[in-house]
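Okay, so here's the structure we're looking at.
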Amino acid sequence: MAEVTAAPARPESDFSTRKLKIAFACLVGLMIAGGGFAQGAMGLVMQPLQHAFGWGRGEISFALTLMTWATALATPFVGWRMDRSGTRKLLLITSGLIALVTLSLAATTNSILQFWASFTVLGVLNASQIGYTKIISGLFTRHRGKAFALFTAESTIVAAGLPQLMKVFLQDWGWAGLFVALAGIKLVLAMPILIAWLKDPVPAASGPDPALLEGETLGQALKTRAFWLMTLANGGGGLVIYGLLPHLVPMMQGAGLSLSAAVNASSLMAVSNVAGQLSAGVVIDRVQTPKVAGAYLCLFLAGVFLISRASAATGPAPLYIGVILMGLGGGSQMPMRYYFFTRYFGLKGFAAILGTFTAISALITAPAPWLIGLIYDRTHSYGSAFIMFMIAATISILTFLVLPRYRYGGPSGSVAQ
């Protein structure tokens, strides 16, 4: 009797129910379960904490610096661990601990050291957020670029609306009640979804996915030209974003525009940022070259230039057009960054490689707000800062143009030639 050969299993769709549940859990985890709530609340609780404990704004703000540094230092180690033992267990543990540390902020005393320590711990725990990116990378194959775009865009939308919700909590319950409410949202809303639906990309019954075993280790990636070119390109754009945004309102008021115009510009940038993220996801799935990032950053550079020309004489039009172009170009960078890393280094050591990249980038860009403030204090003008922004953006554009070809498979599973 002839032996019947079983037909090869049909690849799982990127839009299967299993994958969509896991992706939704990742979205909830990134938007709600991480340390971003406490970070986002800082602007609202700064004055109440000043009145309650007599702390200076510099002392209070230093908590965010400590949080950023802690995340930067912890991320490479957390990524290394996730590459070896999976993401689900560590994400569940850190998400629960983040909720408890957020709750503990409601019991803040007049010890600034306690306050700083809480945010430092949040920073270490928040390093686990890289796990959601690793899961999304492994889940989606044909539509990975679009998945990254939706993943980052929806998070941006929530981040834009979160201050309004926090404002209600603060007005009704005070700063301590705000932290209790944020912790409650994490424990009651986010944790059940994570426990039920968060999974590592491949079901255990299906065996290892060859795509997840393909790629380079951290040590191998650090020896490549692509890693350091990506770091330089990201550092240039990051210096602009982290240097300009915190100073945008005083910049525009100093140029003779109203507070309303500056706030409206911030909202326009948030909306255009989402548009940049979504359009980039479609483009990178279709255009198989990293040079497309350079094209988007040309919009970014043009936007920076227009913002620099805004004044009482021109009215807010250059500002509004500038922030739209800057948002389109800058918003594209996050989904592209994640996508490029999967194409240059594969998925084998993805979390450790991206974690190390994130740490280096944070160390490069963290001083940007302080540096721009120092330029203004010394010159009483942002003119030199805008020159620095445009030079940094130009360096990023040129760096993306000299990136090598992709090394690992794209949306169709083929290797770039």
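The values are calculated or read from the model by the stated rules, or taken from the named source; none is laboratory data. Not measured: the values here are computed from a predicted model. Note that each Cβ is placed from the backbone with ideal geometry, even for glycine, and that neighbours are counted across all protein chains shown.
Going by the structure shown, is residue 318 without any contact (Cβ under 8 Å) to a residue 24 or more places away in the chain and under 21 Å from residue 245 (Cβ atoms)? Explain how you work it out, then say what you get.
Numbers: without any contact (Cβ under 8 Å) to a residue 24 or more places away in the chain: yes; under 21 Å from residue 245 (Cβ atoms): yes.
Spelling it out, residue 318 is indeed without any contact (Cβ under 8 Å) to a residue 24 or more places away in the chain and under 21 Å from residue 245 (Cβ atoms).
Return the pairs, sorted by first residue and then second, in which the second residue is outside any helix (DSSP H, G or I), the first residue lies in segment 263-278 and is under 23 Å from residue 148 (Cβ atoms), the beta carbons are less than 7 Å apart, and the residues are 6+ apart or on different chains.
276/332; 277/332
Regarding segment 257-275, can at least one residue be identified that is at pLDDT below 90, in contact with a Phe, Trp or Tyr (Cβ under 7 Å, 6 or more places away or on another chain) and not β-branched (Val, Ile, Thr)?
Taking segment 257-275 first, the residues at pLDDT below 90 are 257-275.
Now drop any that are not in contact with a Phe, Trp or Tyr (Cβ under 7 Å, 6 or more places away or on another chain), which leaves 265, 268.
Those left that are additionally not β-branched (Val, Ile, Thr): 265, 268.
Yes, because at least one residue in segment 257-275 is at pLDDT below 90, in contact with a Phe, Trp or Tyr (Cβ under 7 Å, 6 or more places away or on another chain) and not β-branched (Val, Ile, Thr).
Go through the residues of segment 302-317 one by one and say whether even a single one is part of a helix (DSSP H, G or I), among the charged types (D, E, K, R) and within 21 Å of residue 403 (Cα to Cα).
Residues of segment 302-317 part of a helix (DSSP H, G or I): 302-309, 317.
Restricting the remaining residues to those that are among the charged types (D, E, K, R) gives 309.
Now drop any that are not within 21 Å of residue 403 (Cα to Cα), which leaves none.
There is no residue in segment 302-317 that is part of a helix (DSSP H, G or I), among the charged types (D, E, K, R) and within 21 Å of residue 403 (Cα to Cα).
If the Cβ limit is 6 Å and pairs must be 6+ apart or interchain, which residue in segment 24-47 that is in the same structural domain as residue 148 (by TED's automatic domain parsing) and surrounded by 22 or more Cβ atoms within 10 Å (Cβ to Cβ) pairs with which residue that is modelled with pLDDT of 80 or more and not in a helix (DSSP H, G or I)?
25/198
Would you pick out the residues in segment 331-367 that are hydrophobic (A, V, I, L, M, F, W, C) and either more than 17 Å from the chain's Cα centre (by Cα) or at pLDDT 85 or above (or both)? Walk me through it before giving the result.
Here is the first cut: in segment 331-367, the residues hydrophobic (A, V, I, L, M, F, W, C) are 334, 336, 340-341, 345, 347, 350-354, 357, 359-360, 362-364, 366.
336, 340, 341, 345, 347, 353, 357, 360 - these are the residues of segment 331-367 that are hydrophobic (A, V, I, L, M, F, W, C) and either more than 17 Å from the chain's Cα centre (by Cα) or at pLDDT 85 or above (or both).
Given the criteria surrounded by fewer than 20 Cβ atoms within 10 Å (Cβ to Cβ), at pLDDT below 90 and out of contact with any Cys (no Cβ under 6 Å at 6 or more places or on another chain), does residue 158 qualify?
Values: surrounded by fewer than 20 Cβ atoms within 10 Å (Cβ to Cβ): yes; at pLDDT below 90: yes; out of contact with any Cys (no Cβ under 6 Å at 6 or more places or on another chain): yes.
Considered against the rule, which asks whether it is surrounded by fewer than 20 Cβ atoms within 10 Å (Cβ to Cβ), at pLDDT below 90 and out of contact with any Cys (no Cβ under 6 Å at 6 or more places or on another chain), residue 158 comes out as yes.
Does residue 314 count as hydroxyl-bearing (Ser, Thr, Tyr), modelled with pLDDT of 90 or more, out of contact with any helix residue (DSSP H, G or I) (no Cβ under 6 Å at 6 or more places or on another chain) and surrounded by fewer than 18 Cβ atoms within 10 Å (Cβ to Cβ)?
Details: hydroxyl-bearing (Ser, Thr, Tyr): yes; modelled with pLDDT of 90 or more: yes; out of contact with any helix residue (DSSP H, G or I) (no Cβ under 6 Å at 6 or more places or on another chain): yes; surrounded by fewer than 18 Cβ atoms within 10 Å (Cβ to Cβ): yes.
Spelling it out, residue 314 is indeed hydroxyl-bearing (Ser, Thr, Tyr), modelled with pLDDT of 90 or more, out of contact with any helix residue (DSSP H, G or I) (no Cβ under 6 Å at 6 or more places or on another chain) and surrounded by fewer than 18 Cβ atoms within 10 Å (Cβ to Cβ).
Could you tell me which numbered condition residue 110 fails, if it satisfies all but one of (1) in a helix (DSSP H, G or I); (2) closer than 20 Å to residue 179 by Cβ?
So residue 110 meets the others, but not (1).
Can you run down the residue pairs with Cβ atoms below 7 Å, 6 or more apart or on separate chains, where the first is in segment 215-238 and of a type in the set (D, E, K, R) and the partner is part of a loop (DSSP other than H, G, I, E, B)?
Qualifying pairs under 7 Å: 216/348; 216/349; 225/404.
Please tell me if residue 256 is assigned to a loop (DSSP other than H, G, I, E, B) and either within 29 Å of residue 150 (Cα to Cα) or in contact (Cβ under 8 Å) with a residue 12 or more places away in the chain (or both). Can you show your working first?
On the way: assigned to a loop (DSSP other than H, G, I, E, B): yes; either within 29 Å of residue 150 (Cα to Cα) or in contact (Cβ under 8 Å) with a residue 12 or more places away in the chain (or both): yes.
The answer is yes for residue 256.
Hey, among the residues in segment 243-252 that are surrounded by fewer than 21 Cβ atoms within 10 Å (Cβ to Cβ) and of a type outside the set (Val, Ile, Thr), which one's nearest to residue 306 (Cα to Cα)?
Here is the first cut: in segment 243-252, the ones surrounded by fewer than 21 Cβ atoms within 10 Å (Cβ to Cβ) are 245-250.
Filter again for of a type outside the set (Val, Ile, Thr), leaving 245-248, 250.
Numbers: 245: 15, 246: 18, 247: 16, 248: 13, 250: 17 Å.
Taking the candidates together, the pick is 248.
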